[in-house]
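What follows is a single structure, written as structure tokens, with notes after it.
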Amino acid sequence: MSTPATPAHILIVEDEPEIAGYLRRGLAFEGFSVQVAADGHAAIAAARERPPDLVVLDVMLPGIDGLEVARRLRSASAVPIIMLTARDAVPDRVAGLDAGADDYLIKPFAFEELLARIRVQLRRQRAEPAAVLRFGPLSIDTGAHEVSIGERRLDLTAKEYDLLELFLRHPNHVLTRDVIFDRVWGYDFGGESNIIEVYVRYLRQKLEAGGEPRLIHTLRGVGYILREES
Ligand code: CA
């Protein structure tokens, strides 16, 4: 099935400017049309003015909270809603699903995780099958999370898979360390600075175990690129 010509319109409801900005930049980078509302009333007004294809909704909002926003949105439309909840706020999650949310994500989360949930909801809404992404001998089934190179099936960890999917969605495109870090490890990750190098090395070992030519190239001081060298 072909990709729709119009990008999906996503409404982000988040009062923390840093997180809202992080989500807006990331989703715009993925080609979505994005709008941010900083409180519940603005969210309901925005949804009325331009009905979104999906809503990312924080529970903790000033004024009317995310649960009430979900109820009001849900009374007017079947738009998929992904709620963002605080860690350990189990009652929030249950209440969120009761209020009509389709899925929830616990803060802090890695952007790729949110993106995967968004794609699931949009596919469900548009009745689209999961995409199989291909690049040269490489193919990944984004529904089953299956990865092959030629005839060889690869066994990847979750982070290796996220990193490889990021490359496959942006072939022949330089991915800076900042973008990779942001996208695969998330805004709140305080890990070691060489983690990207380590994971790229793991991926290369698996991708090249059958003597295949290198696909993920290092651009020193810049980042990485998925590219076939002729
Ligand atoms: Ca908030």
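A few comments on the model shown:
- Leading residue by the ranking (least open to solvent (accessible area, probe 1.4 Å)) among those in the stretch 49-67 that are within 14 Å of the ligand (Cβ to nearest atom) and assigned to a helix (DSSP H, G or I): G66
- Of the residues making up the stretch 155-185, those that are surrounded by 18 or more Cβ atoms within 10 Å (Cβ to Cβ) and outside any helix (DSSP H, G or I) are L156, L175.
- Across the stretch 102-143, the number of residues qualifying as part of a helix (DSSP H, G or I), within 23 Å of L154 (Cβ to Cβ) and open to solvent by 20 Å² or more (accessible area, probe 1.4 Å) comes to 4.
- Output for the stretch 74-101, where each listed residue is part of a loop (DSSP other than H, G, I, E, B), at pLDDT below 80 and open to solvent by 30 Å² or more (accessible area, probe 1.4 Å): A86, R87, D88
- For the stretch 1-48, filtering for residues that are within 16 Å of the ligand (Cβ to nearest atom) and part of a helix (DSSP H, G or I) leaves 12.
- Residues that are of a type in the set (A, V, I, L, M) and within 15 Å of the chain's Cα centre (by Cα) within the stretch 13-31 comprise I19, A20, L23, L27, A28, listed in sequence order.
- D102 vs. criteria more than 16 Å from the ligand (Cβ to nearest atom), of a type in the set (D, E, K, R) and free of Cβ contacts under 8 Å to residues at least 24 places away in the same chain: yes
- Test result for G150, open to solvent by less than 60 Å² (accessible area, probe 1.4 Å) and at negative phi: no
The values are calculated or read from the model by the stated rules, or taken from the named source; none is laboratory data. Values in this document were obtained by computation on a predicted structure and should not be read as measured data. Backbone-built Cβ (ideal geometry, glycine too); neighbour counts: all protein chains shown. Side chains are part of the model used for accessible areas, which takes the heavy atoms of the whole protein and leaves out ligands, DNA and RNA. Shrake-Rupley method; radii C 1.70, N 1.55, O 1.52, S 1.80 Å.
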